[in-house]
1. Treat every Asp and Glu Cβ in the stretch 289-438 as -1 and every Lys and Arg Cβ as +1, leave all other atoms uncharged, and give the resulting dipole magnitude about the Cα centre to the nearest 20 debye.
2. What's the center-to-center distance, using Cα atoms, between the stretch 635-676 and the stretch 534-599 in Å?
3. Less than 13 Å apart at the alpha-carbon level, and either on another chain or at least 8 residues along: which aspartates and glutamates does that give for residue 185?
4. Normalising by the residue count of the chain, find the relative contact order in percent from Cα pairs under 8 Å and 6+ residues apart.
5. Any idea which of 353, 510, 199 is furthest toward the positive side of the dipole for the chain, if Lys and Arg beta-carbons carry +1 and Asp and Glu beta-carbons -1?
6. Is there a quick way to get the dipole size of the chain? I mean about its Cα centre, with the Cβ of Lys and Arg at +1 and of Asp and Glu at -1; what is the value in debye to the nearest 20?
7. Taking just the C-alpha trace of the stretch 635-749, give me its Rg and Dmax in Å.
8. In the stretch 547-582, which residues have a backbone nitrogen under 20 Å from the label point lying 7 Å from residue 414's Cα in the Cα-to-Cβ direction?
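The numbers here are math on the coordinates, done by the rules we state, and not lab data. From a predicted model like this one, the values you see are computed outputs, not experimental measurements. A quick note on method: Cβ atoms are made from the backbone with ideal geometry, for glycine too, and the neighbour counts reach across all protein chains shown.
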Amino acid sequence: MKKLKALSACLPFLFLFSCAQQQHDNKDKGLETRIDNLLSQMTLEEKIGQMNQISSFGNIEDMSGLIKKGEIGSILNETDPQKINALQRVAMEESRLGIPMIFARDVIHGFKTIFPIPLGQAASFNPEIAEVGARVAAIECSSVGIRWTFAPMIDVARDPRWGRMAEGCGEDTYLTSVMGAAMIKGFQGDSLNNPTSVAACPKHFVGYGAAEGGRDYNSTFIPERLLRNVYLPPFEAAARAGAATYMTSFNDNDGVPSTGNKFILEDVLRKEWGFDGFVVTDWASASEMIPHGFVVDEKDAALKSVNAGVDMEMVSYTFVKYLPELIKEGKVKESTIDNAVRNILRIKFRMGLFENPFVDEEQPSVLYDTPHLEAAKRAAIESAILLKNDKGILPLNGNVKTVAIVGPLADAPHDQMGTWVFDGEKSHTQTPLHAIREMYGDKVQIIYEPGLAYSRDKNTANISKAAAAAAKADVVLAFVGEEAILSGEAHCLADLNLVGAQSELIAALAKTGKPVVTVVMAGRPLTIGKEAELSSAVLYNFHPGTMGGPAIADLLFGKEVPSGKTPVTFPKMVGQVPMYYAHNNSGRPAQKNETLINDIPLEAGQTSLGNTSFYLDAGFDPLYPFGYGLSYTTFEYSDVKIASSQLKKQDVLSISFSLENTGKYKGTEVAQLYVRDKVGSVTRPVKELKRFTRIMLQPGEKKTVTFELPVAELAFWNIDMVKTVEAGDFGLWVAGDSQSGNELVFKVTD
Ligand code: GLC
């Protein structure tokens, strides 16, 4: 058996940390001099101008006037290279000091070539997919002059009602940390001053994903310990990965809006993590501290945000309007302004914008380049999650002569791209219908009857046509889910069932007695238990992007084998939410054999059902757990061993296991390592993901794989608010999802 040392996912960003820090240390010796020289020539207005970002309003004349005055440091949402160069030329040649602007855009999962939404990329459990996706996005957007993106979004999210779960990497701190660091590496490349490098902007700092009720922009109430153990680590990993900028989040946490929160912006980000780039507010989040009731007016908003550590204000203009006055009144020190401008200039210098401020308008287009489309297809393949496959109905084999392609997402080029797509064009989207026709039309006869026009369609008049098509087919491929607009910013749902008449559609298809393969495209986990029950197979895709069609086609017909795993827990019912695997145990944890609502005897006595933590009508378990996903083949874990079960805090835990492909298809398994700290000075989660790795095996092949986990990575913020490893008993599991595997125990001693 080949020995494989799983490239522990911790390596990349530890490596990055040393590189990034080294880079900064070496260059900044000369750099700080350049910054100070420039700063010493700047007027107060010019300094404040660098701290001001506007959103392009198209009128070049008017924007040029502001630039000439030195009132603008950055412009977002301009993507025309000629306009970008024209505006930059004004800054370089017609403003007093010729300081270049930085042009920004939300390039969250692709610029023109659209990759799966980040939640989908997370489902691949493959940091390379995230890095390549970000690199392709950077190459494409920098080719039009965009050198700053507001990504990665690394808000841990445990409530699928929240529309922005689509934009992040799911519920797990470690998975989000690894994927976020990989995206930063992809966006920024090897050096910020490479013309294809795009400054990353980890967002939304911090805790935004815990919006109460899963309702966007809502308050969060995260105690510092939970903030440090769950929500901050991905942002710390981003700092280690050398992120150039950060964005503050809209939410107030425990009453303090992030845009006015000195604790996170100064104490944590700068003093603890040593971040030396710059912080931008979210869209108008400075002035939105007025409706928050945290500031009196715009002047107070400028005061509170700049004194908390914000360097640049996105679009609300309070800095330009009020900072001169606030400095005169002694409420804001000029040194605070100087520091903010230093942070901004440091990134502009590092990006080489002073030397190369313009984009080459003559360069051949790289948009939708074939390698980009191929990378996007690879990402969509690895992001797809096989949730069910009864009787091996998938992959479709030679016995399948006729397929009925049904459902509103079979040919939905706009919606397939998912949320946060400003520049991707639906004309380039390859849908499942077209891909199956093109790639497999010679193997199967295709009958296409959408049945519904779009996901929210309640008009059931054409469901009978879809059912009739199904009746003529050997297998029904039903494409359902969510239109893109139903997830993303401000797009939250109180009900996670399939919208419109999609459920009726699935029921009508199942009634024909033909096997139904349900293919979902959505921006979040949906409560599809009923539809899954009626389906022979379920393939789940978090909006797969431009190349989702060819990816899904190859998966359905067996040229590719699904390997994705759920990056979030799928609840049975929305009432179970928030629901996540790394939960605390409580004093009365649910038992396996709880009595559920249909089994309760009449007039049952008050205490007859037991007193544990679960729902009478939904039980305790999810529909699908975190880290879950099937393959066309099967895998067997065995010989899970710990090199030593007695460890000191400075030791490295070495866990080896064998993995065998016991099926008949080549496949890739995402092996996961979970650890539990059984007793702590505060209660600890029942499990936490600490490593994962993708292992490709031929049928019958068996490999021995090793995870290396420094005991130091078991540290957490404890009762004394100190980050430390506490001695005691631990459990660990190696498995293909968060609910499987046998526990092994080990001890850490002082
Ligand atoms: C939005 C989003 C943020 C985005 C910014 C600029 O409101 O919250 O994620 O980057 O504005 O578009």
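1. Working: 17 positive and 22 negative charges, 123 e Å.
Dipole size: approximately 580 debye.
2. Result: 23 Å between the Cα centres.
3. The reachable aspartates and glutamates, counting only those whose Cα sits under 13 Å from residue 185, are 128, 131.
4. Working: 1878 pairs, mean separation 104.1, N = 750.
Value for the chain: 14 percent.
5. It is 510.
6. Details: 75 positive and 91 negative charges, 349 e Å.
With only Lys, Arg, Asp and Glu charged at Cβ, the dipole is about 1680 debye.
7. 15.3, 53
8. Zone members listed by number: 547-549.
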